Each structure stands twice: as structure tokens, then as C-alpha cells.
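Worksheet: one structure, shown below.
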Amino acid sequence: METLLQQIVNGLVVGSVYALVALGYTMVYGILGLINFAHGDVLMVGALVALQVVLFLQKAFPLLGAVPTLLIALTVAMAVCMALGYIIERTAYRRLRNAPRLAPLITAIGVSFLLQTLAMIIWGRNYHSFPQLITTTPLQPVEGVFITPVQIIILVSSALLMTGLILLVNKTRLGRAMRATAENHRVASLMGVDTNKIIATTFIIGSALAAVAGVMFSSNYGVAHYAMGFTPGLKAFTAAVLGGIGNLGGAMVGGVVLGLVESIGAGYLGSATDLCHLPSWAQSASLIETCANGGSFELLSSNYQDIFAFVILGIVLIFRPTGLLGERVSDRA
Amino acid sequence: MKKTLIALAVLGTTSGLAQAQEVVVKIGHVGPLTGNIAHLGKDNENGARLAVEEYNTKGITIGGKKVKFELVGEDDAADPKTGNIVAQRLVDAGVKGVVGHLNSGTTIPASRIYNQSGIPMISPSATNVTLTQQGFANIFRTMANDAQQGSVIGKYAASKLGKTVAIIDDRTAYGQGLADEVEKGVKAAGGKVTSREFTNNQATDFMAILTKIKAQKPDVIVYTGMDAQGGPMLKQVKALGIPAKFVTGDGGCTPEFIKLAGDAMSEAAFCTQAGLPLDQIADKTFKDRFKKRFGADVQIYAPYSYDAAAALIEGMKAANSAEPSKYLAALKKVQFKGVTGEVAFDEKGDTKFGAITMYQYKAGNWVALK
Amino acid sequence: MYELAEAVPWLGSRNPRAARGVVLALMLIAPMIALSAGNTWVRILDFALLYVMLALGLNLVVGFAGLLDLGYIAFYAVGAYTWAFLASPHFGLHLPFWIVLPAGAGFAALAGLILGAPVLRLRGDYLAIVTLGFGEIVRIFMNNLNHPINITNGPQGVNMLDSLSLFGWDISRHIQITDDFKINSLVLFYYVFLLCVVGSVIVIRRLQLSRVGRAWAAIRDDELAAKAIGINVRNMKLLAFSMGATFGGVAGGLFGSFQGFVSPESFSLMESIAILTMVVFGGMGNLGGVILGAIALSLLPELLRSVALPVQQALFGHVILDPEVLRMLLLSLAMIFMMLLRPAGLLPAHARYSRPELAGAGRITE
């Protein structure tokens, strides 16, 4: 039982990081219809900038406590990423708004490579260890289920950020303008919405969230690296599509579902496909021999962890072609 | 502008003069200089470079002429296809020998190209058993292979550290090959493998597989993969409160691992490395010379890379020729004192003195166990 | 071919026939020119031709039928592994190429159908992510099917694949004609690959102008209208997936025979993206553009690799950026600026049936 609970906790922690990153994908997609492939690398920049600031503060102001150090680092990282998001939108995407659909996809991949290469020049090729500012001694809310303070902070702050974002989009003037731009860019601009500004703002907000996710990621796992953005970026993109791309709630649901599926799948797929669980009449002689003394014959195991995301995605999309929470669109969309 | 041109011209003539007096012998090096394990690729290249530079200052004469060795570094990005292209590049560039590649996955296909052109290749770090079993006469390595290392890990884990062992590998040619050998070693020592789990070489989250392992309560967790995953993994072992001992192979036996695992490091962490420990290797000053020359610490394989380059040069010296066809026979028989100790190859091309050392973490460092 | 000829500067528009001759001659003598710079360049040209085949196949799916496929490399993998299973010591089978290559193409086509069938209803970016997932699933299976039963030999890959032997000639060996005249095996591979590319171009060209090609164009431009005029959208989409996959399968088989070794590392997501980049970079929907894109993007990194170091040394006297870093830097900048300046690619499609840019011009313009 505590194993299952632990797997759920693991899944929630991973899932909420995916969800934060997925929000960035989904916001940009909702407004521009563009897959911002460079989003994962913005996360990487956020983590590495924060690392740099933390190292600097620890050297220059060693008396500053752990929490202020982390907060300052986070703020700087967010600021840098917001600027970066704006620059990316301005230089790489704005000119292509009416170009063939795949052109911005290629520039996005180009931007992603560029950010990685620049990060490699600045921070080198090594994996950097991210200082542990918050204690890593795990807590046990339930006997046998472990959770570290960092993980609690991740869960709480991503929930807060997501709620904040939903309020922003649904309740404020800016949010209304964003929704209008997403609905129809031209009509929105006829109604007096400065769509260029709104699109830039979307990128800025998404990048800030990516920075937060990057700092969370690095402080949880204790590493930062110039290529670290790729895997979370890919998973988050999958999560965004799973939930219904363009839909904020969908991104969150997608992220959490994906996190849970991965951790529970990796934990239980092995024993679920263990042929030793077959009734004995269905087992061959050699199988019985393997299974004797508590042996096992697992057809699939945690080596397939990385495909659960895609298999679930495939199945969901077959039945709901626009994702879990996606709106039904006519063929004419 | 004119000045620089003149300066360039002068530079050109002086180097031309220098060339007239000595023969330049090119030695190739290949490793991943981009991608996930670029830091290890650079480490290898630096090792080979240090060897070449030190032999140059010694002044070597081959066939009556003074020889200047030159290292041609190439990047294979740990990708087999790129590996083949750069292998061909080195062959075209007229290198007389090659140090590399780093990964078994790129070394094995590239070894075909070196074999076709008859150029000796010595890998400092490709430990997959099949590399030297292809029947190629010109393929060598300076590091003990996975079979040797895996059986040491397996036996140590199952006899000294506990009875039950969980094995995690990173699904690379290296990790999977080593994990299979560890499993054999555990069974040979009468231990039990509770489960084989898997991750990949880009992962950072291992909570799901570790939680599964925790439920089976093994005495030891063995991870066969690189430091970049191993360090964070050990951290997560601690975060889940798993009391098991943690053992990695040579890929995790680095200062980097200690940095990445942070405060999760304890005396329950072990690693193995082929060859002798860095502070016990024959050449005590290697570490400092390396640091002085490149401003970086030795990661893992640099001493083996140094010895691989040295073996090529010693072979040339022994045959008194830098022609691959002539010195290959001498290289097979070469025996000398390298920075890692005695260097010599068996009939397959594997290292003859494949010592494996077990390390335990103590007070900030990997400390060799007797 | 015609599009390539037209792209020849100056001559192309004035004397298309002469321009075609120039293109043909260039293709034929390319390995000789490359040989003077070393075997490496012939090997790079060989790989460039494989990428041309892949790009042509992917163009069929993305450029003609408008189905964004981010997992195309999976079909390449299927072809390569078919070669590895049927012609290597792994299972002890050594079948001749005229069985193995069609088998690879067939399995790839089947894989195309398997991918195509469930995703027929998906559109645009949903399709992109599912195909991306498909590519990863294939790679992960290749990487893990060594346990509990060994099928693919896992991450170790399959080694010692048979080479291509044509009429008893093993073309991975040099052919000695007289004592001092021999034909380099890399050059032989070049001509074999060139033959395959030319064959593919002819087939694809015919296909594009046929009923099928027009039906694909119609589906790409407006699926609903296509359905309304009686095109069987489902079958046409499946056909596009499996036809595109076939070319990938053939290229994969050739890759296996050329490399002599296959392992799952060669079929990563980055490769799929690289091929898509070639298609878009060159000019989606335009055969000449696609060929040019594939050649340009496979040669560019290698050119940078050999130029970067000497140039820096001559300019600054020492190396400021590692050539590998510079290579990545320039490649990414090239991708960005190329798309900003020519969003429809190097050679944009202009024929009636090949204008994907009309179809997908973003949601904003709708």
C-alpha cells in the first residue's frame, strides 16, 4: 500500500513540473497555433541562470539565508527568461506569423539548438550540481511514504501558479484580450486589442513559468546541464496535447496524468506482465523452471517507461481526437 | 592588415623550416565533444594530448629522424554514423594510429573502418566485450572489459555487501553489457538478483523504479551507467529512505558523481574502476600534470587515454617505424610502464593487466579498498 | 529533376535543357570531385544520398499529402533492422539483397499502415505528436527487445551485416581492374545509391502527377472539399503513409548494408527532426528543393567541421570556438535566418499541385 502511495506522490511531483512547462506550450499554441520547440530550452536557461546567481550569492553574501538566496535567484532567472522569451518571439517568430505553417516550426528547432549551443559555450559541457539550499531530509507524512521539503514546495507552488494563471486569463482585462486574440487575431485587433503586445505578453508569461519550472527541476534533482531542457520539454509537450492543446486546464490535467501514468506504469508494468503469474497449466516447462524460487519472467518492464506517455496519448487521441479537455472542433477548424 | 599578413607569412615560413627538420606523425583521437557526455570526451582527448605533448618534449627519433607527434581530435557526438564519418576523416588525414572512441556503441562500427585501412586503434574506454572479439588484428584497448569488471562488481556486492541485489542499467551498449555481467557475477557468488530495472542516459527522475526496488528490500543497488545519472539517482535513493548500499561501475567512479550526489554521499557508496586508482597509479604526478596543463580535474578515462597514445608511440619506437603495417606487430608485443601501470595486450587486443579496483566513499573522496 | 535544373543560376531560366545536362553531369562526376578531397567526402556524399531518399519519402507524406510526420525515422529503422535480421550472422541468415531490400520496404509499408490507421482522424499538430511518439516507441522497442527473449540484441546493436553484393560482386570491397586501377567501394556505393535516388524521383514524379497525387493535393488543401468530390480520404491517407514509409524502408536497408552495423542510437528523434528540416529547408512539395535541402544540410555540418579550425587559426592565430561548437552555432543560425528570409524554402514549390503553403498558412489568416 505504501508503495502505491509513494508512486502516486512521485507521479504528482513529476506531473506538476510537466504541467508548469506544458502551460507555456499550450498558451503559445492557443494564441499562435505554433509549437514553440524552444520552450524546454528556456527552462534550461532558467535553471542555469539561477545556479549562477546562487553560486554568486553564496560567495558574496554567505550570511544571506537559504530562502532569500533561492528567491533572489528565482527572480533573476525569471527576469532573464522573460527577456529571452520576448526576444525569441520578436526575432524568430513575429515575421513568420503568416508564413507556411512548418516554417516557424523549423525556426523554433533552430532557436532550440542555438540556446543549447550558447549555453554550452557559457556554462560548459559538464553537469553542474545545483546547491541544496533546502534540507533534503525526507519527511514521512504517512509511515513508509517519503516526501522531501523541496517536493512539497514544488506541489504547492505549482498549484498556486496554475490557479493564478487561470484567474489571470479568465478574470482580467489582459486575459480577455488574450482569449480574444486566440479566438481570432484579426477581429481582436479590429476591436482595439494590440495583438502584437498580447502575443509578446503570452511568450513572457510562458517563459517565466518555464524559469520557475527550471529552478524547481534543478533544486529537486540537484543537477543542471545545457541539454537538460529536451526531455522535460518533450514530455510537457506530450502532456499539453494529451490534455487538449490550447486549453489551460487541459495542460494541467495532462501533466498530472502523464506524471502518474509514468510512475505507476514503471512501478507495476513488470509484475503485471510477469508470465510467472499465469496459472501453472499455461506455463511451459522451461518457464516453470525460471519461475521456481521466486524468479520472474517479465515481458515488459520499466525499460518501457518512456513509451507509456506516447501509448496513453495515442489511445486518448483515438477516442478523443482533440485531447482530454479539448473542445470539439469541426473539420473546418 | 598588411602587418598581420606579414606576420602570418613569417609564421608560415618558420613552421615550414621546423617541418623540414622533423617528421610529423599524426595520431587521431575520437570522442564525443558534443552532447550529453561531452565532458568525458574532452577528458579523453586531453589525456591523449598530454601524452603526445610529453613525448614531444622528450624528443623521439624514429627511423633516424626526429619525430613530432600531432594529435588530430575529432568529435563523434557518441553517434555511430558520425563516428564512421570521422573515422574515415582520420584515415584520410593520414593518421598513423587512433586513440578512441569513447563509447562501445561508436567504437564497434568504427573499428571496421580502421581495420579496412590497417590503422591500429586503441580505445581507452570502450569496454564492451564484443569489440575485441570481431577478429580484427588492429583493435586494442587499455581498459579491462565489462566481463572482468562486471564479475568483480557482482561478486563483491553479493558476498561482501549483502545477499540480494537490484540492478539498474541505462540501456546503452555500455550499461546493458555491464549489467548482464554483474548479474552473472551475483549469481556466481550465490547471491540473488531481486530485479533488473531500467532507465535511460538522459533521465533525471528515478523515483518510480527506486520505489519499486524499495518494496523488494534488496541489500545492494547496482547502477551501471554514467555519473550524470548515478549522482542524482543516489540522491533519490536517500530521499526515499532506502537503506541499501549503492554500487556503480567505472562510469560513476568520478569526482563529478560525488558533486552531483551532494549530501547523499555516505560510506554506503561504492564504485569500481578498471586499472589502479588514480593516487595509486604508477605515475603519481599524472593528476597534477593534467591539472596544470588543462586546468581541469581528471574525470575518468584520461590516464587510459594517455596510455593508449603512449602505447602507439612505444610501438612505433619499438618497430622504428611509424607505418601502421610495420609497427602493428611491435604494438602487439609492446610492454612498458604507463601512467596506469604496466601496459601490454593479449592476443585479442585486450589489456593484459586488467586490474579492477573497488572504491568506497570516505570523507569527500573515492578511496580504494585493498 | 526539372526543378533542380531550373534552379541552376542564370542558365536555368535561359536554357533548361543545358541546365539539366549540367545537373546530370554534376551528379555523375560528384564522387570523383569528392575523391580528390579524400574518401571522407565520398562517404559523406553517400550519406547525403541516403538522406535525399529519406527526404523524398517524407516529402511524399508532408509535402504532398500534408500529413505532418515527426516519426519518419521509424521506417528507416524498420528497413535497417530487416536487413540486419535477414542478412547477418545475428540469426545466421544471409539472404540476397533482392529479397532483403523488398522485404524491408514491405515491412516499412506495413509499419506505415499500422501508424496510419489509428491516426486518420487526427489533424495537424495532434498528428505530429502521435507520429513523434510512434518513432520513439519503435526505437525503444528496438532498444529493449533483448530481454526476456533476445530479438534485436538491444542497445548492443547488430554487427557484421552483409554488404550489398550485386551479381556476385561485394561492393564493400575495392574492385581491382588492373594492378594500379581500382574502383573505390565508397564510389560504388555512391552509384548504387544514386540509381536508387533517380528511381525514387521517377516514381515520385509519376505519382505526383497521377490521380493519386492530385487526390493527395486536394486532401492537403481542403480535406472536406476533397471528401465532397468523392475522394476516398481514408485510403488516400493510408496510401500516403505507406508509400512514404516504403522509401524510408529502402533507404534503411541500404544504410544497414553500407554501415555494416545497426543500433537503436541511429534512429533517434533528432534524426526525424533533421529529415523534416531538410524537407522544409529545401522547399516542401518541390522535389528539386527537397533534394537540394537534403544535400545542403548533410554537407553543411561536414564543411564547417573541416573549415572552422583553419579559418579561425588564420584569422585570430588561435582557436576561439571549438569547431564542434561553431558547427552547431552556425547550423542553428542558418536554420533560423533561412526560414526568416525564405519561409517557403530554398526552392519554393510553384507547380499547381504542389503548394502546401496555401494549405497551412497558420490559423491566424483564417
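The values are calculated or read from the model by the stated rules, or taken from the named source; none is laboratory data. For clarity, every value in this text was computed on a predicted model and none was experimentally measured. Glycine gets a Cβ as well: all are built from the backbone with ideal geometry, and neighbour counts include every protein chain shown. For the accessible areas, the whole protein counts, side chains as well, though only heavy atoms, and no ligand, DNA or RNA atoms are used. Shrake-Rupley method; radii C 1.70, N 1.55, O 1.52, S 1.80 Å.
Structure notes:
- Check on C:TYR190, in the same structural domain as C:VAL78 (by TED's automatic domain parsing), modelled with pLDDT of 90 or more and touching a Pro at 6+ places or on another chain (Cβ under 7 Å): yes
- In the condition set (1) more than 7 Å from chain C (Cβ to nearest Cβ); (2) outside any strand (DSSP E or B); (3) not β-branched (Val, Ile, Thr), A:ARG95 is compliant with all but (1).
- Residue match in region C:271-279 (condition: within 13 Å of the chain's Cα centre (by Cα), acidic (Asp, Glu), more than 17 Å from C:LEU333 (Cα to Cα) and in the same structural domain as C:VAL52 (by TED's automatic domain parsing)): yes
- Residue pairs whose Cβ atoms lie under 6 Å apart, separated by 6 or more positions or on different chains, with the first residue in region B:141-161 and more than 12 Å from B:ALA355 (Cα to Cα) and hydrophobic (A, V, I, L, M, F, W, C) and the second assigned to a helix (DSSP H, G or I) and modelled with pLDDT under 90, are B:ALA147/B:VAL129.
- Residue in region B:218-235 that is touching a residue at least 40 places away in the same chain (Cβ under 8 Å), farther than 30 Å from B:ALA78 by Cα, touching a strand residue (DSSP E or B) at 6+ places or on another chain (Cβ under 8 Å) and surrounded by fewer than 22 Cβ atoms within 10 Å (Cβ to Cβ) present: yes
- Residue in region C:239-246 that is open to solvent by 50 Å² or more (accessible area, probe 1.4 Å), over 19 Å from the mean Cα position of the chain (by Cα) and at pLDDT 90 or above present: no
- Scanning region C:55-62 finds no residues that are at pLDDT 90 or above, within 14 Å of chain B (Cβ to nearest Cβ) and under 19 Å from C:VAL198 (Cα atoms).
- Those residues of region A:127-152 which are under 21 Å from the mean Cα position of the chain (by Cα) and open to solvent by 30 Å² or more (accessible area, probe 1.4 Å), in sequence order: A:HIS128, A:SER129, A:ILE152
- Tabulated pairs, region C:74-93, first not assigned by TED's automatic domain parsing to the domain that holds C:LEU269, second modelled with pLDDT of 95 or more and hydrophobic (A, V, I, L, M, F, W, C), C-beta under 6 angstrom, 6+ apart or interchain: none
- When residues of region C:143-166 are limited to those that are without any contact (Cβ under 8 Å) to a residue 12 or more places away in the chain and part of a loop (DSSP other than H, G, I, E, B), the one least open to solvent (accessible area, probe 1.4 Å): C:ASN146
- Pick from region B:242-257, criterion more than 9 Å from chain A (Cβ to nearest Cβ) and assigned to a helix (DSSP H, G or I), ranking: most open to solvent (accessible area, probe 1.4 Å): B:PRO255
Per-residue answers, yes or no, for (1) more than 13 Å from the chain's Cα centre (by Cα); (2) open to solvent by less than 10 Å² (accessible area, probe 1.4 Å); (3) under 18 Å from A:LYS235 (Cα atoms):
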position	(1), (2), (3)
A:LEU5	yes, no, no
A:ILE31	yes, no, no
A:LEU34	yes, no, yes
A:ALA73	yes, yes, no
A:TYR86	yes, no, no
A:ARG90	yes, no, no
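- When C:GLY253, C:GLY230 are checked against the criterion of being in a helix (DSSP H, G or I) and either in contact with a Gly (Cβ under 6 Å, 6 or more places away or on another chain) or without any contact (Cβ under 8 Å) to a residue 40 or more places away in the chain (or both), a single residue qualifies: C:GLY253.
- Residues in region B:318-360 that are among the hydroxyl-bearing types (Ser, Thr, Tyr), within 19 Å of B:SER123 (Cβ to Cβ) and either assigned by TED's automatic domain parsing to the domain that holds B:LEU50 or in a loop (DSSP other than H, G, I, E, B) (or both): B:TYR327, B:THR340.
- Single residue of region A:239-262 satisfying the filter (over 11 Å from the mean Cα position of the chain (by Cα) and β-branched (Val, Ile, Thr)) that is nearest to the other protein chains (Cβ to nearest Cβ): A:VAL241
- Number of residues in region A:65-118 that are modelled with pLDDT under 85 and of a type in the set (A, V, I, L, M): the value is 5.
- Counting only strands (runs of 3 or more DSSP E) that fall entirely inside region B:59-164 and contain at least 2 residues that are surrounded by fewer than 24 Cβ atoms within 10 Å (Cβ to Cβ), the qualifying elements are B:60-62, B:65-75.
- Pairs, first closer than 23 Å to B:ASP76 by Cα and modelled with pLDDT of 75 or more in region C:314-328, second open to solvent by 50 Å² or more (accessible area, probe 1.4 Å) and in a helix (DSSP H, G or I), C-beta under 8 Å, six or more apart: C:VAL325/A:ILE121
- A:TYR86 being assigned to a helix (DSSP H, G or I), under 16 Å from A:ALA211 (Cβ atoms) and hydroxyl-bearing (Ser, Thr, Tyr): yes
- Within region B:318-331, restricting attention to residues that are touching a residue at least 40 places away in the same chain (Cβ under 8 Å) and open to solvent by 70 Å² or more (accessible area, probe 1.4 Å), the residue that is farthest from A:TYR127 (Cα to Cα) is B:ASN320.
- When residues in region B:282-317 are screened for being part of a helix (DSSP H, G or I), within 23 Å of B:GLY354 (Cα to Cα) and open to solvent by 60 Å² or more (accessible area, probe 1.4 Å), 1 of them pass.
- Sole residue being within 14 Å of chain C (Cβ to nearest Cβ), in a loop (DSSP other than H, G, I, E, B), open to solvent by less than 40 Å² (accessible area, probe 1.4 Å) and of a type in the set (A, V, I, L, M), chosen from A:ALA188, A:ALA182, A:ALA236, A:ALA227: A:ALA227
- The single condition among (1) assigned to a loop (DSSP other than H, G, I, E, B); (2) free of Cβ contacts under 8 Å to residues at least 40 places away in the same chain; (3) more than 30 Å from C:PHE281 (Cα to Cα) that A:ILE72 does not satisfy is (1).
- Residue in region A:49-63 that is within 30 Å of C:GLY285 (Cβ to Cβ) and either in contact with a Gly (Cβ under 9 Å, 6 or more places away or on another chain) or within 12 Å of another protein chain (Cβ to nearest Cβ) (or both) present: no
- Any hit, region B:70-93, residues being over 26 Å from C:GLY157 (Cα atoms), more than 8 Å from chain C (Cβ to nearest Cβ), touching a strand residue (DSSP E or B) at 6+ places or on another chain (Cβ under 8 Å) and of a type in the set (D, E, K, R): yes
- Filter result for the condition that a residue is in contact with a Lys or Arg (Cβ under 9 Å, 6 or more places away or on another chain), under 24 Å from B:SER104 (Cβ atoms) and aromatic (Phe, Trp, Tyr), over B:PHE270, B:PHE294: B:PHE270
- When A:ALA177 is tested against the conditions (1) away from chain C (no Cβ under 14 Å); (2) under 27 Å from A:PRO68 (Cβ atoms), the lone failure is (2).
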